[in-house]
Structures are given as structure tokens and as C-alpha cells.
1. From the residues in region 238-287 that are among the β-branched types (V, I, T) and in a loop (DSSP other than H, G, I, E, B), which one is modelled with the highest pLDDT?
2. Quick one: count up the residues across region 19-32 that are farther than 13 Å from S50 by Cβ and of a type in the set (S, T, Y).
3. What about E192, is it touching a Lys or Arg at 6+ places or on another chain (Cβ under 7 Å) and either at pLDDT below 95 or among the acidic types (D, E) (or both)?
4. In the same structural domain as V225 (by TED's automatic domain parsing), without any contact (Cβ under 8 Å) to a residue 24 or more places away in the chain and of a type in the set (A, V, I, L, M, F, W, C) - does that describe any residue in region 10-30?
5. Scan region 155-164 and give yes if some residue there is surrounded by fewer than 24 Cβ atoms within 10 Å (Cβ to Cβ), closer than 24 Å to P22 by Cα and modelled with pLDDT under 95, otherwise no.
6. Filter region 210-226 down to the residues that are touching a residue at least 60 places away in the same chain (Cβ under 8 Å) and within 20 Å of V37 (Cα to Cα) and list them by number.
7. Does any residue in region 37-57 that is without any contact (Cβ under 8 Å) to a residue 60 or more places away in the chain come within less than 8 Å, Cβ to Cβ, of a residue that is of a type in the set (D, E, K, R) and assigned to a helix (DSSP H, G or I) six or more places away or on a different chain, and which pairs are these?
Amino acid sequence: MANGSRQVTTSDIRKKKEAGVPITMVTAYDFPSAKLVEEAGVDMILVGDSLGMVVLGYDSTIPVTMEDMIHHSKAVARAAKRAFVVTDLPFLSYHGTLEEAVKNAGRLMQEGCAKAVKMEGGKELAPFVARCVLAGIPVVGHIGLTPQSVHQLGGYKVQGRNLAQAQRLLEDALALQEAGAFAIVLECVPEEVTGMIAKKLEVPVIGIGAGATCDGQVLVFHDVVGYASQITPKFVKRYADIGTAIQAAVAAYVTDVEKRSFPAPEHVFHAAEDTIKQLYGEGVDQP
């Protein structure tokens, strides 16, 4: 847990790696979830473009727009007074010109109130990372399974299983570090490969489905608490099942309304007697 109520910084995150203290990150998409995550003491909150599937009902992250990300990032940032907020750049918002990438990253910080942005991709993105860093925009890299490239990858598959893939991941990580990324997310990678990469990098490696040998972990809020989470990947540990509790509560409400047992007398307001007489007249039965 971060110290006190002081805003977490990139320097704090780097120092955690140096001290061997695990970094905690949770992906959240709105004010209520971010508030709970903040109060729980996480170091970083990721506003992921996975909101497309988790919140907006798409079947991938591809349809998510800059406007979607800005909208949700602002909501999270209002709750995060201490945790460090990182927001995803959505599909094709940073693959054109360097100027377009900087402009979109800048929008996430100016309009979305993020403290940093995250980009999916390896060494081919190094010039974009470097240009954003030069503009004063902190960047988190993301390699391994990159959901924005899921169709190109042929599905949601573990990356880095063979030697060539593992070496490519290391090259990508080193290139992103050299370009100025202050941390790297490593997704769905064998634990042994994760450990090798984390040892060779100076910047923190935050894993999701990448084992215990990295410098920190990130999971999605809805997966952690069981909130309308349709699919539970192998790498997720569910700490609660609030979805079932919410569904049961709403079902009980529906039953009470249908039986006219809600609202009960204790939930009702009453008008003054003279007002009632004026509304209904003398001798008229009241509802």
C-alpha cells in the first residue's frame, strides 16, 4: 500500500522495483469502482480499453474510441486522489503519425485527467513512445498478448512459449525501456520468460497472467470481485462474488414490488391532514 494520502508518482513506482516491493494495479472504469480501489490502497489504477467488453458490451477492444476512453478516464480520475491513473490509448489512436499519437495521448491527460498513457506493441512503437515522453507524457508499454492485435495474433493465446518468441519479447521490452517507458505490462507470458525479462529491465514489469516473477500484478476490478464477469481466465483469482449478491438483491426487490410489500409504511412520506382534505375532499376515501 502506498504511504499516506500523497499522490503516487512514477518515481514511487520505480523505487518499489528497486526495493523489491510488489506493485499493485487494478483496472477500473468508473467513479464507484475507482473509489473502492483507491480506498483499498492500490498503487495504480488502469483505465483499460477492456472497458469495451466489460462495460460497453463489445466482443473486443477494437470498437472503443478516444471519446470512450476520455469519458471513463475522467470518472476514474475524480476518485483517484492518491493512486496513479494510467489510461489506454485505444485502437489506431497512436499508429499514424507521431503528431497524431502525441495529440491523442495529450487528450487523455488534458481531457481525461490521466497521469500516464499505455500503448500496446513492441519495438515498432519505440518512436511513438519516445515522442510522447519528449512531450512530457509518461508512457507504460504493453507486450505479450496485446488485445488490440487479437485478430492478428489468432486469438487470446499465451505469448513467448518458444525461444524465438521469448527473445522477441525481451527485445521489445528493452526497446520500450530505451524509448522512455517507465513501466511495462506483460500479458499472458510464461512465468520463466517473465522472470528473465524483469531481471534484465530497470523499469518495473507488471504482469497479468504472467506469473509471480514480475515486479507487480494487475487484474480487472470486475474479475476480482465477480461483478458480471462472464469469463474467468486461468490467471484470475476471484476474491468475492458480488454479482450473485446484486442479482439476488434486485430479484428480491422485484418480488416485493410485485407483491406490493414495497414500499412499506416506513418508506412512505405523508402530507399534512388539511392538505389531504383539500386534495380529496371531506368524506372521500384516500388511496
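The values are calculated or read from the model by the stated rules, or taken from the named source; none is laboratory data. Nothing here was measured: the structure is a model prediction, and the numbers come from that model. Every residue, glycine as well, gets a Cβ built from its backbone with ideal geometry; the counts of neighbours run over all protein chains shown.
1. Residues of region 238-287 among the β-branched types (V, I, T): 242, 244, 246, 250, 254-255, 257, 268, 275-276, 284.
This time we only want the ones that are in a loop (DSSP other than H, G, I, E, B), so: 268, 284.
On the way: V268: 95, V284: 61.
The residue in question is V268.
2. Final tally of qualifying residues: 1.
3. On the way: touching a Lys or Arg at 6+ places or on another chain (Cβ under 7 Å): no; either at pLDDT below 95 or among the acidic types (D, E) (or both): yes.
Taking the combined requirement at face value, the residue does not satisfy it.
4. yes
5. Let us first name the residues in region 155-164 that are surrounded by fewer than 24 Cβ atoms within 10 Å (Cβ to Cβ), namely 155-159, 161-164.
Filter once more, keeping what is closer than 24 Å to P22 by Cα: 158-159.
Next, only the ones that are modelled with pLDDT under 95 stay: 158-159.
So far as region 155-164 goes, yes, one or more of its residues are surrounded by fewer than 24 Cβ atoms within 10 Å (Cβ to Cβ), closer than 24 Å to P22 by Cα and modelled with pLDDT under 95.
6. Step one: list which residues in region 210-226 are touching a residue at least 60 places away in the same chain (Cβ under 8 Å), which gives 210, 215-222, 224.
Residues satisfying the conditions are D215, G216, Q217, V218, L219, V220, F221, H222, V224.
7. That search, which allows pairs on different chains as well, returns I45/E38; L51/D68; G52/D68; L56/D68.
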